[in-house]
Amino acid sequence: MKRPHKNRPKSTTVEELARHLNCRFEGDGNTPIHDVSSLERADKGDLVFLAEPKYRNSLEKTKASAAIVPIEEKLDRIPTIHSEHPYVSFIKALEFFYTPYRPEPGIHPQALVSPSTTIGKDVSIGAFVFIDEDVEIGDGSILFPFVSVYPRVKIGKEVVCHSFVSIRENTRIGNRVILHNGVVLGSDGFGFQKAKDGSHIKIPQKGIVIIEDDVEIGANTTVDRAALGETVIKRGTKIDNLVQVAHSVEIGPDSILAAQTGIAGSSKVGKNFIAGGQVGIPDHITIGDSVIIAAKSGITKNLPSGSFVSGSPHLDIRTWRKAWAAIPQLYDLIREIRKLKKRIEKLENKLRE
Amino acid sequence: MKRPHKNRPKSTTVEELARHLNCRFEGDGNTPIHDVSSLERADKGDLVFLAEPKYRNSLEKTKASAAIVPIEEKLDRIPTIHSEHPYVSFIKALEFFYTPYRPEPGIHPQALVSPSTTIGKDVSIGAFVFIDEDVEIGDGSILFPFVSVYPRVKIGKEVVCHSFVSIRENTRIGNRVILHNGVVLGSDGFGFQKAKDGSHIKIPQKGIVIIEDDVEIGANTTVDRAALGETVIKRGTKIDNLVQVAHSVEIGPDSILAAQTGIAGSSKVGKNFIAGGQVGIPDHITIGDSVIIAAKSGITKNLPSGSFVSGSPHLDIRTWRKAWAAIPQLYDLIREIRKLKKRIEKLENKLRE
Amino acid sequence: MKRPHKNRPKSTTVEELARHLNCRFEGDGNTPIHDVSSLERADKGDLVFLAEPKYRNSLEKTKASAAIVPIEEKLDRIPTIHSEHPYVSFIKALEFFYTPYRPEPGIHPQALVSPSTTIGKDVSIGAFVFIDEDVEIGDGSILFPFVSVYPRVKIGKEVVCHSFVSIRENTRIGNRVILHNGVVLGSDGFGFQKAKDGSHIKIPQKGIVIIEDDVEIGANTTVDRAALGETVIKRGTKIDNLVQVAHSVEIGPDSILAAQTGIAGSSKVGKNFIAGGQVGIPDHITIGDSVIIAAKSGITKNLPSGSFVSGSPHLDIRTWRKAWAAIPQLYDLIREIRKLKKRIEKLENKLRE
């Protein structure tokens, strides 16, 4: 039933590829191109690209047969394809030579799909998928084997869910969303109220999770449902592996969260946000637009739009840089101060004489 | 076979609800209540609650039809239900309007359950559940689809295991435990002995994991089995998502571990412990009762009961606050010291004259 | 079909065990030994071991019936087995009394295995395993229930994959590799190119993941595929739970990565590397051989071979220790400096008079 995509390298020429990328080329247009590669690994038949001038040296030595370069770049050794955005053109070339593995449309006979499910056109539902009642799945979506869909979930069009994705009850997922293996959407928010006897009373987590269009979520990342209302990952936001998004959080649109970052309950993050890896944001924090948080930072208060912070507790990036340039000197500083103190004492004694 | 809980909002009145909550009410007892909500999202027919006086302003403006308020609170705008513990009463009201989705009792025909399994009354075993030999499951427990139970596991009463939970061999789970999606109990402890040639010899992980009553464990959290003896999560302890509990660790009872916290091998944590997110506790550490560790802290030594620490390496919370108030001044401090040094030199030169 | 390993304690004697461990013994060789234990938990019939002299006191009080001790150790209370490497002998004794649970060879009728799969001898493929096209599995490998194998994966000999392991397309796994529950190999690298409108264009992740021989990977750890080329975990490297290994990373051989550590894209780590828990390594970093990074460190630049660093941003361990000894004094330091300043002013005023 399934025909895995073989990704046999296609063969093309510099001229054909330049036409496909809508770019001008220089050199021998008949040069055959079989694959794309990085500068360091490239071999005969490979296409490489030069994004930054600092790698120009490697380009002079590459075994590649052609290169995508900036418009103004000159290179006689090998044919060149000239692009205003070499990286974007390179991505297009990558897509020409490589399509990620996707199973064929159809419902596997070993999938268990509730008869109440609404399924769009060209949907692929793999073996050992379980779909509970009243679920909707849009056209072209792909559920790899082992996806668990709880009741009343809505999945948009062209969504990809990899193995071992959990989508808990009432979750709503937009179009073109990619969920990597082990992603959990809609697990209970971590909400408890302390009782007099020291035990913790569970606060029912009545809310839901909403994943908007074009969001991608990395392997084993968890997004908790809200206690009331919604946890929302907004349009175009990309989340790396092992990230924690707690109850009632809102993120994005067009934000980037690197691996192992955590955002605690009810915090709101604006658009074009960038968090490095292992960042921690506590609960009930408001973060503006276009904020950058350096890796491993621990945020302690609201951040206005345009902030760039680092450290735990966080500081403005310039203050942080100054402070951390000073910290290694701290030990010598203390000795220095002791010496100064003695010199002052000496002076005081002299004057007292 | 399964009838998903629809959670259609029930309709009630302020008077009925007050009776259900065992509370006094003021205002029109016939006011219809359809749902519970937060202060900011509330609409007509919603019940809200006021836990802290600082939110009183929002209460004056809410569209909600009624509010749970402290005993002494006065509010004429809308009917009020008066509670000694408004949050606890609100949780009860939440439970009145909302029951989390739970599948019906019964064993799904697509589950694979070893004939040697002992299964209590009203147990729900979903599709694609695999139960290996000599497992016991107590009354009223629920295994959602895709739970993997290794041999000789004991699961107590009214336990809930969500999809993709792994319960490795010999694990023992108490009553009313909730395991969210992707939880792993009993994976091998990370124990190796370095050989002369630099390679690492695996230390067999012979021990087990014990999860006591009323524990809740968040999505994709991992609890390793002990090398010898037991890894124990004690009664009533609540663990958030993506937490790591290493071999031979003991935690609780009634402790709270926020997301992405990690506790390394053989460390022991007392009761009523609170760890913020992304806390790290190294191996062989002993932590007393009622200890609080602020988010992102890295612990470096044993902590006596009642400690409240922050930072990495950790400091007492007061020392930490002072130190971190000082760190941003460090750069200016160094310049200041240089200036003082010059002034001292000047004085010294003058006195030498 | 499956006969779970019962691990009934075998009975032996000190003499027999000494022979098995290839060691000399002292005391009554007929003393029966039923199990191994830790010093603190040992009971009659147990074997314990003394690795470090500091635990000798516990040995004097243990209820154990025998002990593995260093060659030169003298102990009259109980029989002793004398080993040049007591810990290694103890591991052998552990293996004598305990074998981890492994299912029997055979393909479960509820597994879905593509007819194009090449399967070696004595392979165990559990229930609800899904194997897509063109996969190879070597002799003696074990796939527990619920393993998802994407197309064109190669799995070596005697590999163990626990429940809910995802092995994405084209991944190559060596011999004797252990993958704990929830491990993800080959999820897409987190690679995006920012477009002019602020949205993020996905960079196709064409590369693969290679796991070399004797690697062990902990529960819910994720290893991303490379954009181009390979992500490689080299021979003998051991990775704990919830670790993130990003695209195009290379680690090892014989390295140790403790839990919740993250390594970002394209970083290269040498052999005999040790990372404590929750370490963060950013992208495009090169780390030499035999480097040690203390827990919770955040690396900021390349590390030459032999480095031992700590902190975030990292410092050489000695500098870090000095700095962090000083930080708690920072607050008092500032007060001290203020006082010195006043004393200098006084002196200046006096001299001006």
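Below are the figures for this structure:
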read-out: Among the residues listed as A:Gly229, A:Gly218, the single one being over 23 Å from B:Ser38 (Cβ atoms) and not charged (D, E, K, R); value: A:Gly218
read-out: Check on A:Glu133, open to solvent by 30 Å² or more (accessible area, probe 1.4 Å), in the same structural domain as A:Gly174 (by TED's automatic domain parsing) and not hydroxyl-bearing (Ser, Thr, Tyr); value: yes
read-out: Of all residues in segment A:316-333 being facing another protein chain (nearest Cβ under 8 Å) and touching a Lys or Arg at 6+ places or on another chain (Cβ under 9 Å), the one that is least open to solvent (accessible area, probe 1.4 Å); value: A:Leu330
read-out: Single residue of segment B:224-244 satisfying the filter (at the interface with another protein chain (Cβ under 9 Å from one of its Cβ atoms) and assigned to a strand (DSSP E or B)) that is surrounded by the fewest Cβ atoms within 10 Å (Cβ to Cβ); value: B:Lys238
read-out: Residues within segment A:200-215 that are within 14 Å of chain C (Cβ to nearest Cβ) and either of a type in the set (Lys, Arg) or open to solvent by 10 Å² or more (accessible area, probe 1.4 Å) (or both), tallied; value: 3
read-out: Residue satisfying all of: in segment C:247-277; in a strand (DSSP E or B) and not aliphatic (A, V, I, L, M); farthest from A:Ala294 (Cα to Cα) among these; value: C:Glu250
read-out: Some residue of segment A:278-288 being buried (at least 23 other Cβ atoms within 10 Å of the Cβ), assigned to a loop (DSSP other than H, G, I, E, B), free of Cβ contacts under 8 Å to residues at least 60 places away in the same chain and within 13 Å of chain B (Cβ to nearest Cβ); value: yes
read-out: Enumeration of residues in segment A:168-190 that are over 19 Å from the mean Cα position of the chain (by Cα) and not small (Gly, Ala, Ser); value: A:Arg168, A:Glu169, A:Asn170, A:Thr171, A:Arg172, A:Asp188, A:Phe190
read-out: Candidate set from segment A:134-150 (those that are hydrophobic (A, V, I, L, M, F, W, C) and assigned to a loop (DSSP other than H, G, I, E, B)); member that is farthest from the chain's Cα centre (by Cα); value: A:Val135
read-out: Residue ID - modelled with the highest pLDDT, chosen from residues in segment C:334-353 that are more than 16 Å from B:Leu340 (Cα to Cα) and more than 9 Å from chain A (Cβ to nearest Cβ); value: C:Arg352
read-out: Residue list for segment C:177-199, restricted to those being at the interface with another protein chain (Cβ under 7 Å from one of its Cβ atoms), of a type outside the set (A, V, I, L, M, F, W, C) and surrounded by fewer than 20 Cβ atoms within 10 Å (Cβ to Cβ); value: C:Gln193, C:Gly198, C:Ser199
read-out: Residue selected from segment A:114-133 under the condition part of a strand (DSSP E or B) and in contact with a Pro (Cβ under 8 Å, 6 or more places away or on another chain), by the criterion farthest from the other protein chains (Cβ to nearest Cβ); value: A:Ser124
read-out: Residue check for B:Ala275: more than 9 Å from chain A (Cβ to nearest Cβ), open to solvent by less than 10 Å² (accessible area, probe 1.4 Å) and either touching a helix residue (DSSP H, G or I) at 6+ places or on another chain (Cβ under 8 Å) or modelled with pLDDT of 95 or more (or both); value: yes
read-out: Residue satisfying condition, being farther than 30 Å from A:Leu351 by Cα, part of a helix (DSSP H, G or I) and among the aliphatic types (A, V, I, L, M), within set B:Ile327, B:Ile334; value: B:Ile327
read-out: Selection status of B:Ile337, aliphatic (A, V, I, L, M) and either surrounded by fewer than 21 Cβ atoms within 10 Å (Cβ to Cβ) or over 28 Å from the mean Cα position of the chain (by Cα) (or both); value: yes
read-out: Test for C:Ser310: is it within 21 Å of the chain's Cα centre (by Cα), more than 9 Å from chain A (Cβ to nearest Cβ), hydroxyl-bearing (Ser, Thr, Tyr) and surrounded by 22 or more Cβ atoms within 10 Å (Cβ to Cβ); value: yes
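The rows are residues; the columns are (1) of a type outside the set (D, E, K, R); (2) without any contact (Cβ under 8 Å) to a residue 60 or more places away in the chain; (3) farther than 15 Å from A:Ser11 by Cα.
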site	(1), (2), (3)
A:Asp35	no, no, no
A:Arg41	no, yes, yes
A:Leu75	yes, yes, yes
A:Glu84	no, yes, yes
A:Arg102	no, no, yes
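The values are calculated or read from the model by the stated rules, or taken from the named source; none is laboratory data. As the structure is a prediction and not an experimental result, all values here were calculated from the model. Don't worry about glycine lacking a Cβ; one is built from the backbone with ideal geometry, like all the others, and counts go over all protein chains shown. These area figures cover heavy atoms from the full protein model, side chains too; ligands, DNA and RNA do not enter into them. Shrake-Rupley method; radii C 1.70, N 1.55, O 1.52, S 1.80 Å.
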